[in-house]
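This report concerns only the one structure given below.
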Amino acid sequence: MPVMESYAKIDLSAWTKVGEGGNGITYENSSEPDVLLKVNKAGMNDLATVKREFDLSTSVAKLGIPTPGMLEIVRVGDAYATRMERIRDKKSVFRICHDEPERIEEMATQFCKLGKALFATPCDTSAFPSRKETALRGLDLSSWLGKETCGKLRRFIASVPESSGCVHGDFQPGNLIVAGDKYYWIDLGRFAWGDPMFDIGHLYLSCVVYASQRQTQAIFHLNERQLNLFWDSFAKAYTGRADHADFDREAARFGAVDIVVRNVYTHASILHKIFFRIIVRRLMKFF
Ligand SMILES: Nc1ncnc2c1ncn2[C@@H]1O[C@H](COP(=O)(O)OP(=O)(O)O)[C@@H](O)[C@H]1O
Ligand SMILES: [Mg+2]
């Protein structure tokens, strides 16, 4: 007899929306002030996707990386959702940059410092996926990028040195929240181990390549100039150099790889494929 898994059902009418990211909407409930409910949008709310983020987050906490505790997977209508520890009175690093734009450089430097600590944390390579292996798998799903582009990307990914430090997977300042003087990494569904440049490529996409798009600015609460300033300050802090053109080129190459990695985690619609092919083709000049 198959074992039936049962998940508690949650009635969303008792919950109030408090936040929204690229994939999920978060809710609070006054009768459980220390609990946050995260319900992903359609296409990302199946059991496998929700369980992956839940399990990875639980494993990340065991590495000693500060992250809100995962409590329980539940059902909200047809969707699966997560009840987690709610960090009260938190702000994301991007939200701080929006509220106090004069602090963008300071916050980028802090984001860099905490990012470096994350990258320097040895990952459990048996419990987490290899980002390099995932990138190669993503390439198998990216034939729509064209043979020549895929060939170049494959050679590039294969040349990335092995490294067993942590990578976040959605490394951008909306996913670092702070309450008082305590910082927490959130949104860990793509956590892995590998070269830090995989994460830095993702940040470069967020703050430079997509910065002119209204949707990006709405999710990150910053305008194009502010996103670019965040990148510039991060790159200076990371490299220790005012001139970081070489670093930017390397980040652009890893940005193209990040688009390939994305295909493993989310289904690309025709429109997405057109959009991402334009972006990747633009980034190929850095190879
Ligand atoms: N444990 C938490 N405590 C408080 N706020 C949180 C917590 N987790 C996420 N949030 C907030 O919820 C929103 C979306 O969360 P996130 O996990 O980043 O979702 P997405 O996958 O949509 O990016 C963000 O505004 C974030 O600041
Ligand atoms: Mg997020």
- Note on the structure: Expressed as a whole-number percentage, the relative contact order of segment 91-286 with C-alpha contacts under 8 angstrom and at least six residues apart is 28 percent
- Task: Please work out the FRET efficiency for the pair N223 and R155, using the Cβ-Cβ distance as r and a Förster radius of 22 Å; give the result to the nearest 0.05.
- Result: 0.05
- Note on the structure: When K41, K236 are arranged by how many other beta-carbons sit within 10 Å of their Cβ, fewest first, they go K41, K236
- Task: Using a Förster distance of 25 angstrom, determine the FRET efficiency expected from the C-beta separation of V18 and K182, and round it to 0.05.
- Result: 0.85
- Note on the structure: XL table K41/K147; K132/K182; K38/K113; K41/K113; K90/K116; K41/K91; Cα-Cα > 25 Å flagged, in table order, is K41/K147; K132/K182; K38/K113; K41/K113
- If r is the Cβ-Cβ distance from K113 to E85 and R0 is 22 Å, what FRET efficiency results, to the nearest 0.05? 0.40
- Any chance you could run the full-extension gain for T58 through D34? It's 0.36 nm times the residue separation minus the Cα-Cα distance, nm to one decimal. 6.9 nm
- E72's amide H: which non-local residues (gap 5+, or another chain) put their own amide H closer than 5 Å, with H modeled 1.01 Å from N in plane and none for Pro or chain starts? R83
- Gyration tensor on Cα atoms of segment 12-85, a ≥ b ≥ c root eigenvalues, a/c under 1.5 rounded, else prolate if a/b beats b/c, else oblate, says oblate
- Taking the Cα-to-Cβ direction at R103 and at R75 and moving 7 Å from each Cα, how far apart do the two end points lie in nm? 4.3 nm
- In Å, what Rg and Dmax follow from the Cα atoms of the chain? 18.9, 64
- Computed [θ] at 222 nm, helices only, for the chain once each DSSP H run of length n ≥ 4 contributes -39500 (n - 2.57): -14000 deg cm²/dmol
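All of the numbers you see were taken from the coordinates with simple rules; none came from a lab. It should be emphasised that the depicted structure is a prediction, and the values quoted were computed from it without experimental measurement. Glycine also receives a Cβ, built like all others from the backbone with ideal geometry; neighbour counts cover every protein chain displayed.
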